[in-house]
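Report on the following structure.
The values are calculated or read from the model by the stated rules, or taken from the named source; none is laboratory data. None of the values given here were measured: they were computed from a predicted structure. No Cβ is skipped: glycine too gets one built from the backbone with ideal geometry, and neighbour counts run over all protein chains shown.
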Amino acid sequence: MMFRCTPYGHDHAHAPAADSGHSVRAKRGRKTLAVDIHCHVHVPAADVIVSGDPISAGRRQFPPTNELTTKINTDQQTRILPQLTDVAVRLADMDRCGVDIQAISPAPAHYNYDKEPGLARDAARIVNDRIAEICGQHPDRFVGMGTLPLQNPEMAVAELDRCVKQLGLRGIEISTNIAGKDLTRAGLEKFFARCEELGVLIFMHPIGTTASERMRDHYFINTIGHPLESALAVGYLVHDGYLERYPGLKICIAHGGGYIPVYWGRFDHPWKYRDDCRVNITRPPSEYIKKLYFDTVVFDRHQLASMVSQWGADHVIMGTDYPYDMAEPDPVGFVDSTGGLSAAQRAAIKGGNAAALLGLDPRTGKPV
């Protein structure tokens, strides 16, 4: 299945024709900005120096799965490559979806944390340059997030500075682990400190899971593996004290934050009674989780309403996971149809929060 935007009751015949390159907000008379925090770009030129082509690049990043899942994933990567690479196709999809701005981030296949650091750095530069180029060509429709060779913290910080100071990128996408090393055990202190200093958004997005042996079937590698990976990463950031040590970090967790936002009580309860849950933190874990942001890619309106109720509308951000088949096809409609939200909360979730985190004018979406 290819990604399809369905903001018109799933009836594309009644959708207005795409007007690529111009804000659909102004065109349709909407007053609120719509920003997609979770959408990916693939850069084949980076694959050439790493693995040869974008199809094998996407496939090699996932742990082994059964034959059917592997075939579906390979076929999907081939089918959606135009959406991952062709800006005109992307703009048309955005117009159909009612999305004014995409915060474009690299396809997770571009992490390359398992590669030689110099090679990973060179590939990251190609990806980041292309994302900056897209944003420069369409500054009213795109804002960029980059990727870094995090297996080498010094190289990562240098590329982070280049992304922000030279390319104008507003965020960095990272995985939930660095080639199997947890984020707080991979020597990334300088990276986190520099992100805090620069005010850069960190967008955390898993790819597969390190606990893959029991997840080869039924696409568990994604449906269970991704939220599990995010839960582990958040757990380490909280309990290893990183969210206390770097209180100014801005971190958004993909896929609704994984399991943590709906099961946080299992962190808080043992903190009251067990010394091993209080080694590095002085407050209940939920007090640190409150610092995080979560996208809306949860597919269930009750779960979205619960996230807003627990963590606040100001910590929930509209996303899609464009253009994969695990994407939310109607991001604006999904937020608007979730019960119990005020107009102000919907406006914040659909675009206001992302604008604040990415340094955009909340009225026009232009960088400030």
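Checking E213 against (1) touching a residue at least 24 places away in the same chain (Cβ under 8 Å); (2) among the charged types (D, E, K, R); (3) assigned to a loop (DSSP other than H, G, I, E, B), which single condition isn't satisfied?
All conditions pass for E213, except number (1).
For residues that are under 22 Å from the mean Cα position of the chain (by Cα) and of a type in the set (S, T, Y), scanning just the stretch 258-308, find the one that is surrounded by the most Cβ atoms within 10 Å (Cβ to Cβ).
T296
Could you list all residues from the stretch 304-352 that are charged (D, E, K, R) and over 28 Å from T69 (Cα atoms)?
Within the stretch 304-352, D314, D336, R346, K350 meet the criteria.
Taking the conditions exactly as written (modelled with pLDDT of 95 or more and either over 20 Å from H315 (Cβ atoms) or of a type in the set (A, V, I, L, M, F, W, C) (or both)), does G235 satisfy them or not?
So G235 fails the test.
Look at the stretch 175-222 and say how many of its residues are in contact with a Pro (Cβ under 7 Å, 6 or more places away or on another chain), closer than 13 Å to L160 by Cβ and basic (K, R).
Count: 1.
For D93, all conditions in the list (1) buried (at least 17 other Cβ atoms within 10 Å of the Cβ); (2) touching a Ser or Thr at 6+ places or on another chain (Cβ under 7 Å) hold save one; what is the number of the exception?
(2)
So which residues in the stretch 128-150 are touching a residue at least 40 places away in the same chain (Cβ under 8 Å) and either surrounded by fewer than 18 Cβ atoms within 10 Å (Cβ to Cβ) or more than 20 Å from the chain's Cα centre (by Cα) (or both)?
Q137, H138, P139, D140
Anything in the stretch 113-130 that is closer than 18 Å to A103 by Cβ and of a type in the set (D, E)? List them, or say none.
Of everything in the stretch 113-130, just one residue is closer than 18 Å to A103 by Cβ and of a type in the set (D, E), namely D129.
So R278 passes all but one of these: (1) basic (K, R); (2) free of Cβ contacts under 8 Å to residues at least 12 places away in the same chain; (3) touching a Pro at 6+ places or on another chain (Cβ under 8 Å). Which condition number does it fail?
Failed condition: (3).
Name the pairs whose Cβ atoms lie under 6 Å apart, with the first residue in the stretch 183-200 and modelled with pLDDT of 95 or more, the second of a type in the set (G, A, S) and assigned to a helix (DSSP H, G or I), and 6 or more positions between them or separate chains?
L183/A233; F191/A156
Give me a count of the residues in the stretch 281-302 that are over 23 Å from L243 (Cβ atoms) and of a type outside the set (D, E).
Qualifying residue count for the region: 3.
If you take the residues in the stretch 218-235 that are surrounded by 19 or more Cβ atoms within 10 Å (Cβ to Cβ) and among the polar types (S, T, N, Q), which one is farthest from G180 (Cα to Cα)?
N222
Give me the pairs, please: first residue somewhere in the stretch 151-176 and touching a residue at least 24 places away in the same chain (Cβ under 8 Å), second residue anywhere and charged (D, E, K, R) and surrounded by fewer than 23 Cβ atoms within 10 Å (Cβ to Cβ), beta-carbon distance under 6 Å, and either six or more positions apart or on two chains.
Short answer, once both residue conditions are applied: P153/K190; M155/R121; V157/K190; V157/R194; L160/R194.
Mind listing whichever residues of the stretch 241-272 are in a loop (DSSP other than H, G, I, E, B) and within 26 Å of I37 (Cα to Cα)?
Across the stretch 241-272, the qualifying residues are Y246, P247, G248, L249, A254, G258, Y259, Y263, W264.
Do the conditions hold for T32, that is, is it modelled with pLDDT under 95 and either assigned to a helix (DSSP H, G or I) or under 22 Å from T223 (Cβ atoms) (or both)?
no
Which condition does E173 not pass, out of (1) crowded, with 23+ Cβ neighbours inside 10 Å; (2) more than 18 Å from E229 (Cα to Cα), if it passes all the others?
E173 satisfies every listed condition except (2).
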